[in-house]
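Participant: Questions regarding the structure given below will be posed in turn.
The values are calculated or read from the model by the stated rules, or taken from the named source; none is laboratory data. This is a predicted model, so every value here is computed, not measured. With ideal geometry, Cβ positions are generated from the backbone for all residues, glycine too; neighbour counts draw on all protein chains shown. These area figures cover heavy atoms from the full protein model, side chains too; ligands, DNA and RNA do not enter into them. Shrake-Rupley method; radii C 1.70, N 1.55, O 1.52, S 1.80 Å.
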Amino acid sequence: MARDPVRVLVTGAAGQIGYALVPMIARGVMLGPDQPVILHMLDIPPAAEALNGVKMELVDAAFPLLKGVVATTDVVEACTGVNIAVMVGGFPRKEGMERKDVMTKNVSIYKSQASALEKHAAANCKVLVVANPANTNALILKEFAPSIPEKNISCLTRLDHNRALGQISERLSVQVSDVKNVIIWGNHSSSQYPDANHATVTTPAGDKPARELVADDEWLKGDFITTVQQRGAAIIKARKLSSALSAASSACDHIRDWVLGTPEGTWVSMGVYSDGSYNVPAGLIYSFPVTCKNGEWSIVQGLPIDEFSRKKMDATAEELAEEKALAYSCLA
Ligand code: NAD
Ligand code: LMR
């Protein structure tokens, strides 16, 4: 029997990540090759014509799984009945703007979109925030949508996770699909802590610790970390635009694993509401290693944390606490 379509909201759909993301969703990259979808695309009035152009292209691509498109600048229409919400829309930083100016614009967008989702999305809607500052936007969305379970609100650090897999695969000249269980701790910012201490590489002789194969702790504690932390800036420098295809692909990975489950023995990184695990202060949206089953994520528990890691995990938590305070001061 044919499955009912899943309604997927993409905000900021006329932007560059939106343009890469919506065809992936319509092709089944996010929810699987047998899952029909209805796309809800939201943008703001100045982008309405471009948004309509994206809708025209979706029609022209004749995606068999795509059962409908809602393209709108009305947040209520966009949020109505959605099962999954990918929040990409936001105000980009412009020349001369201070960090606080960007934060003010974005947290007020996330505050108002929180209310629309809370009132109009389907029960149990899963939310992924991509727009920066992603962790803090997700936290504001959570705080202003109290009836959405906190377990349903997350932010994207899977791109950083995938970047870390990519760096180890390049360093060892192995397939990226043979590397697993890196961790991104903390904020989707340059304070994040990419951690390869528990990562493994599949070899003909079985799974081996990546740390043993790399055999260069100086690299793992130095260039590996800074390359992943600074990768977003490196892409902006090279493209004069921020990452889009990798962000869109990672957003699909995030939702796919959340909904359909992580493979046995594999974890991924997701920004989720901290419950105090690993002594990360509760009440922050912090990136942890998680496994997913039956549509629910759980933080991987019991990993040994050395002193080097502890310091880096605490530093990124401190930045998130500062961002949270700044966000609240912007809303006051
Ligand atoms: P973009 O500027 O190309 O697109 C953003 C879109 O959002 C625009 O079309 C804009 O009109 C729209 N928009 C603005 N305000 C809106 C609102 N209130 N409601 C709905 N739409 C609104 O930017 P982009 O390159 O697509 O990036 C989008 C966001 O994703 C940025 O904040 C970027 O920093 C962030 N990002 C995050 C990650 C991550 O890994 N978490 C990676 C890359 C980019
Ligand atoms: C990225 O990680 O590529 C982006 O978050 C960079 C940015 O500042 O938009």
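Participant: Cut-off 10 angstrom, C-alpha nodes, Gaussian network model of the chain. Which of Val228, Val86, Val300 fluctuates the most?
Facilitator: With Cα springs under 10 Å in the chain, the top fluctuation among Val228, Val86, Val300 is at Val300.
Participant: A follow-up question, please. Please give the length that would be gained between Arg239 and Phe308 if that part of the chain were fully extended, namely 0.36 nm times their separation in residues minus their C-alpha to C-alpha distance (nm, one decimal).
Facilitator: Details: separation 69, 0.36 × 69 = 24.84 nm, distance 3.36 nm.
Gain in length upon complete extension: 21.5 nm.
Participant: Per residue, how many Å² of accessible area does the chain show with a 1.4 Å probe?
Facilitator: Per residue, the chain has 45 Å² of solvent-accessible surface.
Participant: Rounded to whole Å, give me the distance from the Cα center of the range 232-304 to that of the range 96-153.
Facilitator: 17 Å
Participant: On to the next question. What is the percent carbon and sulfur in the accessible area of the range 157-327, measuring with a 1.4 Å probe over the protein chains and ignoring ligands? Write down the numbers at each step before the final one.
Facilitator: Numbers: 3880 of 7630 Å².
Taking all protein chains in place, the range 157-327 shows 51 percent carbon and sulfur surface.
Participant: Given Cβ point charges of +1 (Lys, Arg) and -1 (Asp, Glu) and nothing else, what value in debye, to the nearest 20, does the dipole of the chain about its Cα centre take? Spell out each step's value before the answer.
Facilitator: Values: 32 positive and 36 negative charges, 99 e Å.
Taking the Cα centre of the chain as origin, the dipole is about 480 debye.
Participant: Percent of accessible area on the range 1-140 owned by carbon and sulfur, 1.4 Å probe?
Facilitator: Looking at the range 1-140 in its full context, I get 54 percent from C and S.
Participant: Here is a follow-up. Looking at the P(r) of the range 163-228, how many percent of alpha-carbon pairs lie beyond 16 Å?
Facilitator: Summing the P(r) of the range 163-228 above 16 Å gives 39 percent of all pairs.
Participant: Using a Gaussian network model of the chain with C-alpha springs under 10 Å, which one of Pro194, Pro281, Pro133 is most mobile by mean-square fluctuation?
Facilitator: Checking each option, the largest mean-square fluctuation is seen for Pro281.
Participant: Cα-Cα pairs above 16 Å in the range 1-111: how many percent?
Facilitator: Value for the range 1-111 (Cα pairs over 16 Å): 59 percent.
Participant: Using a 1.4 angstrom probe on the protein heavy atoms only, line up Tyr19, Tyr110, Tyr328 by accessible area, largest first.
Facilitator: Tyr19, Tyr328, Tyr110
Participant: Run the quick spin-label model on Glu118 and Thr266: label points 7 Å from Cα toward the beta carbon, then report their separation in nm to one decimal.
Facilitator: Result for the modelled spin labels: 3.6 nm.
Participant: Under 1.5 on a/c is rounded, so check that first for the range 157-327, then, if it is not, pick prolate when a/b is larger than b/c and oblate when it is not; a ≥ b ≥ c are the square roots of the alpha carbon gyration tensor eigenvalues. Working shown, then result.
Facilitator: Working: a/c = 1.25, a/b = 1.16, b/c = 1.08.
Since a/c stays below 1.5, the shape of the range 157-327 is classed as rounded.
Participant: Let me ask something else about it. Would you calculate the separation in nanometres between label points at Trp219 and Thr73, each defined as 7 Å from the Cα along the Cα-to-beta-carbon direction?
Facilitator: The answer from the label model is 5.1 nm.
Participant: Name the longest site-free stretch of the chain, where the excluded sites are trypsin sites (Lys or Arg not before Pro) in a DSSP loop with no more than 13 other beta-carbon atoms within 10 Å.
Facilitator: Counting only loop sites that pass the neighbour cut-off, the longest clear stretch is 95-239.
Participant: Then there's this: Collect residues whose amide H, placed 1.01 Å from N in the peptide plane, falls under 5 Å from the amide H of Lys126; neighbours closer than 5 in sequence don't count.
Facilitator: Ile84, Ala85
Participant: Give me D for the chain in µm² s⁻¹, whole number, from Stokes-Einstein with Rh from the Kirkwood sum over alpha-carbon pairs, 10 °C and 1.306 mPa s.
Facilitator: Details: Rh = 20.2 Å.
Translational D for this selection: 79 µm²/s.
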